[in-house]
Ligand code: NAP
Ligand code: F7E
């Protein structure tokens, strides 16, 4: 297929976890020209893309720069715009309130306005990376068993509040202007390419590089402990999340944009796992078990009678979201979306490749 016949996909946030998997997925379809927006940075931020660097086009830009977004969209006239760009760390959003709003709320508005004002509504479809964080503690307050497209949204962090603005603007642009703009309301998704300060990756990196001796022994019973081992410092142990693999999620993003009608979809595994269980599973993968003793801030996790996990209130948030689990039934029945990973194969991939 010549490059003229290919669909043009413009990805904001291409250098992040999802951006790299989405690029890989689109390239595998063989009919996409993939163009990604990267930020200027004092150090290289394209490490997740090195292996496909020669198959994609990268251009400098920033989603919070209105003129830049307009110029990029008018230059490339994309068939599909994926907005994955965000200040995506919930805990850090409490310290970066306005910045998070500028990027996560007003950034998507720049894209929507560009498509409308450049009269590209019949050409460009827009995917917005919405999040299960929009729901806040709705599971508990409304006594629900899982979260679907109709569950009430009560965000409890600056990140989620900014994302709620974008979510509603996407709906508004769809209803008011007939633009094909959709929200993927995604539960947590992880991988070996996850940012190092998200809890799953932090646990995997600790096990692999700070506690157990080497990957060579991974999966064998009685792996050795490192001589210079250091305990894991962790926040809320009993928060639960619905953890999927990012590879499954990016395929879902693409499917959402291929639908004949623009609609919002929840994607997730439908299975909740606590931070505590995630730690236990990672430790079990190395052939060991965790014994928990004490409670609250005094609780500790022991491996072979040695303190290995310490509760550290530095990782508590001003407002904690204690429980999230999604109901992806609509995506499964209407789009035929089916995830391939489960929590155990996700952990396996993370340990192998991190
Ligand atoms: P990520 O790894 O943090 O990637 C975020 C991307 O956005 C990076 O490429 C980052 O660039 C870019 N970015 C940040 N600020 C920008 C700006 N001002 N202009 C342009 N680009 C900017 O996040 P992710 O896990 O891939 O998630 C992708 C999207 O899904 C995010 O919007 C996130 O909020 C949302 N989401 C994620 C999850 C999840 O569990 N992963 C769940 C639901 C929703 P740098 O590389 O230069 O930092
Ligand atoms: O926290 C608890 C923490 O930072 C998960 C983003 O991709 O998913 C992500 O947001 C849970 C929370 O992810 C530590 O309190 C305990 O309950 O890995 P996380 P997140 O906040 O769920 C949503 C869907 C997004 O949209 C976001 O962009 O783990 N936790 N101890 C900890 N969390 C961190 N980071 N570090 C700890 O030491």
Counting only residues that are more than 11 Å from ligand 1 (Cβ to nearest atom) and either surrounded by fewer than 21 Cβ atoms within 10 Å (Cβ to Cβ) or more than 26 Å from residue 238 (Cα to Cα) (or both), the stretch 168-207 contains a total of 18
Go through the residues of the stretch 213-231 one by one and say whether even a single one is within 13 Å of ligand 2 (Cβ to nearest atom) and at pLDDT 95 or above.
-> yes
Taking residue 34, is it closer than 20 Å to residue 257 by Cβ, more than 16 Å from ligand 2 (Cβ to nearest atom) and at pLDDT 95 or above?
-> yes
Go over the candidates 301, 287, 294, 235 one by one and state the one that is touching a residue at least 12 places away in the same chain (Cβ under 8 Å), over 30 Å from residue 130 (Cβ atoms) and surrounded by fewer than 19 Cβ atoms within 10 Å (Cβ to Cβ).
-> 287
Report, by residue number, each residue of the stretch 224-249 that is outside any loop (DSSP other than H, G, I, E, B), closer than 18 Å to residue 285 by Cα and more than 16 Å from the chain's Cα centre (by Cα).
-> 225, 232
Filtering the stretch 103-144 for residues that are over 19 Å from residue 77 (Cβ atoms), more than 16 Å from ligand 2 (Cβ to nearest atom) and free of Cβ contacts under 8 Å to residues at least 40 places away in the same chain leaves a count of 4
Exactly one of (1) away from ligand 2 (no atom under 11 Å from the Cβ); (2) under 30 Å from residue 122 (Cβ atoms) is unmet by residue 272. Its number?
-> (2)
Looking only at the stretch 85-132, count how many residues are closer than 21 Å to residue 261 by Cα and under 18 Å from the mean Cα position of the chain (by Cα).
-> 7
Would you mind finding the one in 58, 84 that is modelled with pLDDT of 95 or more, within 20 Å of residue 186 (Cα to Cα) and in contact with a strand residue (DSSP E or B) (Cβ under 7 Å, 6 or more places away or on another chain)?
-> 84
Pull up the stretch 79-95, narrow it to residues that are away from ligand 1 (no atom under 11 Å from the Cβ) and touching a residue at least 40 places away in the same chain (Cβ under 8 Å), then point me to the one that is farthest from residue 165 (Cα to Cα).
-> 79
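The values are calculated or read from the model by the stated rules, or taken from the named source; none is laboratory data. Just so it is clear, the structure is predicted and the values come from calculations on it, not from any experiment. Ideal geometry is used to build each Cβ from the backbone, glycine not excepted, and the neighbour counts take in all protein chains shown.
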